[in-house]
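This report concerns only the one structure given below.
The values are calculated or read from the model by the stated rules, or taken from the named source; none is laboratory data. Computed from a prediction, not measured in an experiment: that's the story for all the values here. So basically every Cβ, Gly included, is an ideal-geometry build from the backbone, and we count neighbours across all protein chains shown.
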């Protein structure tokens, strides 16, 4: 099996790494501290100009057509420097892929170039509600057709980039009498739609630079043509796209974990105790060995899922496995890296406490680790019952 990257994939990885080191790393701590929002948004625009906001989107719509493997590689490199930027990039790519997958050509022509070019700073993915997190089929937001308009009502929670997104993909119930999950439709809603209200950003444990908002639809009126995909076919769209999103989140976690271990490895080579470098102590060497082995395993799981998706093969199980392993190990590895620094790791003078905070959410969003286990088990059992 050839695991080497193509020339294009290597170029994209190198470009992402160069941008992350040169533009993102120098400002990531300030962005985490709530500063430099204008720099954060400017860097999103630069990423779009480099082609990173439509990595798996057709060139006819302004995309890069680089594929899913390249997307995973790029997210990992960006996350090494700034997880807040990486999650915005990941969700925007996911929104673009949803539109490319199910929208009509008029909708694609209207929205994809704006996402890919950075005219829209980001895209919003409006699925989660207070009573519909791990169980999105239980959503209560509604869309009712009135003449040549749809009227949306409801509230969506934890929406990444909502306050600077240009367009939202929104799910709502369009047939209250249908069986659970069967009466849900998908809509494209522009940020300036009347009745769309974005609440102030949530105060979070980590990924402070990325805004997370509640989005309220209060008699929000959108054109009849805002319906995306078939009527009452929205739930299967959501399920399909979340599987792809898990590759993005897993790649983000991989980037954070790698950055944490790279930093701690350099530290223990320089730091001395008992008259010698910390790196000479076998106990710390074993911690290093375990962590980097787990990082490599996560990378291979992610590459497998990305390869399958890119080649049109079933990838749901592999994406869930990759997301589960990469995010859980990222959380553990960040604490291992912090431990290697001892008391210094607990200080904000070093980035380890930020890495640990940023990694924590990766095992929650795009489906918790527990949900991933359900998906994996369901896929495994279906293989022997079909």
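What number goes with the only condition from (1) on the phi < 0 side of the Ramachandran plot; (2) in a helix (DSSP H, G or I) that residue 342 does not pass?
The number of the failed condition is (1).
Here are 157, 188: which of them is touching a helix residue (DSSP H, G or I) at 6+ places or on another chain (Cβ under 8 Å), closer than 27 Å to residue 52 by Cα and either surrounded by fewer than 19 Cβ atoms within 10 Å (Cβ to Cβ) or touching a residue at least 12 places away in the same chain (Cβ under 8 Å) (or both)?
Details: 157 fails: touching a helix residue (DSSP H, G or I) at 6+ places or on another chain (Cβ under 8 Å).
None of the others qualify; the one that does is 188.
Scan the stretch 200-207 and give yes if some residue there is within 30 Å of residue 354 (Cα to Cα), within 21 Å of the chain's Cα centre (by Cα) and not in a loop (DSSP other than H, G, I, E, B), otherwise no.
Checked the stretch 200-207: no residue is within 30 Å of residue 354 (Cα to Cα), within 21 Å of the chain's Cα centre (by Cα) and not in a loop (DSSP other than H, G, I, E, B).
Can you confirm whether residue 251 is in a helix (DSSP H, G or I), touching a residue at least 60 places away in the same chain (Cβ under 8 Å), out of contact with any helix residue (DSSP H, G or I) (no Cβ under 6 Å at 6 or more places or on another chain) and closer than 30 Å to residue 185 by Cα?
Criteria not met by residue 251.
For the stretch 162-172, does any single residue satisfy the condition of being assigned to a loop (DSSP other than H, G, I, E, B) and touching a residue at least 24 places away in the same chain (Cβ under 8 Å)?
No, the stretch 162-172 contains no residue that is assigned to a loop (DSSP other than H, G, I, E, B) and touching a residue at least 24 places away in the same chain (Cβ under 8 Å).
Counting only residues that are in contact with a strand residue (DSSP E or B) (Cβ under 6 Å, 6 or more places away or on another chain) and part of a helix (DSSP H, G or I), how many does the stretch 225-237 have?
Residues in the stretch 225-237 being in contact with a strand residue (DSSP E or B) (Cβ under 6 Å, 6 or more places away or on another chain) and part of a helix (DSSP H, G or I): 4 in total.
Would you say residue 78 is assigned to a helix (DSSP H, G or I), touching a strand residue (DSSP E or B) at 6+ places or on another chain (Cβ under 7 Å) and modelled with pLDDT of 95 or more?
So residue 78 does not fit the description; no.
Looking only at the stretch 345-386, count every residue that is surrounded by fewer than 21 Cβ atoms within 10 Å (Cβ to Cβ) and in a helix (DSSP H, G or I) and tell me the total.
Final tally of qualifying residues: 19.
So residue 20 passes all but one of these: (1) in contact (Cβ under 8 Å) with a residue 60 or more places away in the chain; (2) over 25 Å from residue 350 (Cα atoms); (3) outside any loop (DSSP other than H, G, I, E, B). Which condition number does it fail?
(2) is the only condition that residue 20 fails.
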